[in-house]
1. Could you grab me the full set of residues in the stretch 47-79 that are acidic (Asp, Glu) and modelled with pLDDT under 90?
2. Scan the stretch 132-155 for residues that are surrounded by fewer than 20 Cβ atoms within 10 Å (Cβ to Cβ) and in contact with a helix residue (DSSP H, G or I) (Cβ under 7 Å, 6 or more places away or on another chain) and jot them down.
Amino acid sequence: MSRQSNLWFRLIFTGLLVLSAGCVQLSGKPAPVQTLLSTHTPIPTLTVDRLAEPELPRNPTQLEEGRHLYWLNCMTCHGDQGQGLTDEFRSLWVEDHQNCWASGCHTGRVGDVGFPIPHTIPAIISSTGDLPPFATADQLFEYLHTTHPPQHPGYLPEDEYWALTAYLLAENHRLPDGQVLGPKK
């Protein structure tokens with residue numbers, strides 16, 4: 001080993017010894033355990049708000065727009081990860097918003113605000129890429145356009161339905177990177 005390499009090795013080794021939990025006080029005596037524990041600042045665990053609005057860049061791609069539109073229009077029924085209206089997903093909401101079938105929500109009774117929803121809403125994003133019965137993007141687009149949102153089908157502009165179609169296909173690993181969807185000309 002060269003003299004210069006040996007010097008670097010010693011410097012790094014010495015630095016690691018000094019940094020390894022501050023075990024030596026300036027006096028050269030070992031630091032008491034209480035001192036070591038009291039000088040350690042715990043790092044807070046990052047808590048992700050699964051209901052938070054996703055960022056939308058100034059010039060979003062079709063996929064980024066689709067992700068945002070999903071959050072705005074689809075997430076409340078289909079889940080933040082496309083898992084469906086599961087008990088686990090509903091538990092993320094504040095308590096008085098967890099029963100989607102209560103009077104005043106989606107019971108479908110005369111005078112209730114909202115629209116009836118089924119008790120089981122299927123997952124629409126899966127790790128296997130299953131999104132039956134839609135074999136093509138055009139079929140999924142047409143389904144979304146004619147049935148969603150349930151309270152007002154066809155309400156969104158056509159380009160937003162295409163963005164949602166792109167997002168759902170991408171999340172199901174069925175859209176090649178960078179592909180943009182739209183009407184056939």
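The values are calculated or read from the model by the stated rules, or taken from the named source; none is laboratory data. Computed from a prediction, not measured in an experiment: that's the story for all the values here. Here the Cβ is made from the backbone with ideal geometry for all residues, glycine too, and neighbour counts use every protein chain on show.
1. Asp49
2. Phe134, Ala137, His145, Pro149, Pro153, Gly154
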